[in-house]
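Scroll down for the structure; my scribbles are underneath it.
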Amino acid sequence: MSAIAVPVVVAPARRRPRLRAILWAVDVAVFLGALVAYASIPTGTPTAAGVVPPDGRVVVQQAAGGARALVVSRPQTLQLLVAVHKQKGWFGLRVADTAQDGISWASTAGAEGVPAMSAVFGKATGSSVRIRWADGREQTVQTASDGVFLAVRTGTVRSLSLSILNASGGIVREVAGP
């Protein structure tokens, strides 16, 4: 008798497709975990003052709508920054600059979470500053110890004039608005 060799075909194990599916699911889970971790990293600062550049210091600040207007003293300039609190912390917007001894008028249109506001800021030689706005309102603000002041209003309103006042309320200097 002679032996007959019959080839036996064994079906490949079904473990390979199952292994691929498991590896794919693990890859997706790792990717989603990394995405969630990245999205949870704060990108803003924890305080409004945190938006100030490293070489600056906040001299005066005032709330305006849901934001804070900050006058920042930097080498050779005063800057008006608006700090807005969003989901990931405080973010800053540079609005205007003026010389260390200057006066500036600025406004924001109101977009991207920044409220519409009008501001007058700068440095004055008096103890207070009175602003006459175009809608007839008057606003008086005290100057800081170094003479820096900030007057802010919500909405876009032009200022007609600015009066620098001495301690007794007398006008030291009158400046026409823009």
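The values are calculated or read from the model by the stated rules, or taken from the named source; none is laboratory data. Since we're looking at a predicted model, the values are computed, not measured. For neighbour counting, all protein chains shown are included, and Cβ atoms are generated from backbone atoms with ideal geometry for every residue, glycine included.
Let's see how each residue does on (1) over 16 Å from residue 70 (Cα atoms); (2) surrounded by fewer than 19 Cβ atoms within 10 Å (Cβ to Cβ):
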| site | (1), (2) |
| --- | --- |
| 134 | yes, yes |
| 142 | no, yes |
| 147 | no, yes |
| 151 | no, no |
| 163 | yes, no |
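Under 16 Å from residue 69 (Cα atoms) and either of a type in the set (A, V, I, L, M) or in contact with a Gly (Cβ under 9 Å, 6 or more places away or on another chain) (or both) - does that describe any residue in segment 165-177?
no
Residue 21 passes all but one of (1) within 24 Å of residue 142 (Cβ to Cβ); (2) without any contact (Cβ under 8 Å) to a residue 60 or more places away in the chain; which number fails?
(1)
Across segment 1-53, what is the number of residues that are more than 30 Å from residue 84 (Cα to Cα) and at pLDDT below 70? Working first, answer last.
Residues of segment 1-53 more than 30 Å from residue 84 (Cα to Cα): 1-31.
Filter once more, keeping what is at pLDDT below 70: 1-3, 5-15.
Selection size over segment 1-53: 14.
Give the residue that is modelled with the highest pLDDT, with candidates limited to residues of segment 92-132 that are assigned to a loop (DSSP other than H, G, I, E, B) and of a type in the set (Ser, Thr, Tyr).
Out of the qualifying residues, it is 127.
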